[in-house]
Amino acid sequence: MKNKLISILGAIVLAVVIMPITKVNAAPLEASDEATLRSTILSGGEITLTDNIETKEPIEVSNEVVINGNGKTISAAEDFNTTNINQTILSVNEGGKLTLKNVTIADSKKYGLQAHQNGILIIDGVTVKNSNFGAILINGGQVTIKNLTMIDNAYGIEFGKGDGVTEASELIVDGTIEGTQETMLHIDLPNPETDKISIKNTENTKTTIVLEDNKLVVKDDKGTVIGGTTTEVKADLDLSLKPVQTPEPEEEPSITEETAKGDSPEENPKTGDNGILYIATAILGVGATMLVSKKLVNNL
């Protein structure tokens with residue numbers, strides 16, 4: 001009876017100890033080549049690039065993924081498959097949400113990026129360059145731009161509607177857009193009398209898109225025109241150019257006098273120092289629990 005009770009208590013303590021330690025030692029997903037990038041995308045979650053990656057086939061995302069580019073480049077290989085209808089380097093499809101950070105997309109045979117049929121694409125610190133078509137295709141999906149640079153593409157952002165696409169294309173401008181293309185925006189709608197596109201400028205954006213003389217115009221934070229469409233926009237297109245609100249960022253906790261004197265705030269539990277703290281605390285907890293257990297057993 002005594003040994004059984006001690007074994008049960010020991011198992012409970014061990015389970016509690018292992019939980020935080022497992023979290024501390026969990027390694028982030030990393031990718032350094034095409035095969036690894038594809039497999040980690042299927043797993044979902046956050047992925048950090050550790051090397052430049054060349055892809056021979058279009059990469060499609062249908063789940064929630066964050067790619068931290070780490071300053072690296074994803075590019076189309078010389079022998080990229082051009083027989084595939086979708087020759088975009090990275091596409092996010094229905095059910096998918098792709099966030100790209102600090103990465104360059106280069107040398108696409110067609111488009112650099114695509115948001116297709118309800119797919120959500122968030123661009124934050126991204127450069128798209130040397131695309132044979134547009135830098136970005138919004139094909140019935142939603143694109144939010146926080147920081148985008150487009151260099152030497154045939155044109156910039158295209159609003160399109162391919163076969164089987166039923167949703168409207170939507171662009172939310174929530175930061176800065178820069179580019180070397182005169183045609184920074186391009187509209188390619190086969191049925192403009194029935195199709196719609198939506199363009200929204202948030203209250204916090206530094207770059208805005210407005211409609212002037214039936215042309216879409218991109219302006220910087222000083223009101224200077226930096227690009228737009230070179231052709232007139234058909235009047236029957238639904239362009240929603242009114243500012244939209246974005247959630248206010250949460251305020252960082254202020255530094256108290258105690259903190260300034262050397263009392264450090266609570267650290268991230270994923271750091272190595274706190275891992276040691278977990279282990280030390282666990283050892284003390286095991287000792288105390290076993291001591292109490294022994295006394296309880298002796299009193300039975």
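The values are calculated or read from the model by the stated rules, or taken from the named source; none is laboratory data. Here the structure is a predicted model, which is why all the values come from computation and not from measurement. Ideal geometry is used to build each Cβ from the backbone, glycine not excepted, and the neighbour counts take in all protein chains shown.
A few remarks follow.
Okay, residues lined up against (1) surrounded by fewer than 22 Cβ atoms within 10 Å (Cβ to Cβ); (2) over 19 Å from Lys219 (Cα atoms):
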position: Ile105; (1), (2): no, yes
position: Phe133; (1), (2): yes, yes
position: Ile138; (1), (2): no, yes
position: Phe159; (1), (2): no, no
position: Ser169; (1), (2): no, yes
position: Ile172; (1), (2): yes, no
position: Gly175; (1), (2): yes, no
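Listed here are the residues, each with its yes/no results for (1) of a type in the set (Ser, Thr, Tyr); (2) in contact with a Ser or Thr (Cβ under 6 Å, 6 or more places away or on another chain).
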residue: Thr180; (1), (2): yes, no
residue: Leu185; (1), (2): no, yes
residue: Asp195; (1), (2): no, no
residue: Thr202; (1), (2): yes, yes
residue: Lys206; (1), (2): no, yes
residue: Ile209; (1), (2): no, no
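- Residues that are in a strand (DSSP E or B) and either in contact with a Leu (Cβ under 8 Å, 6 or more places away or on another chain) or at pLDDT below 95 (or both) do not occur anywhere in region 3-25.
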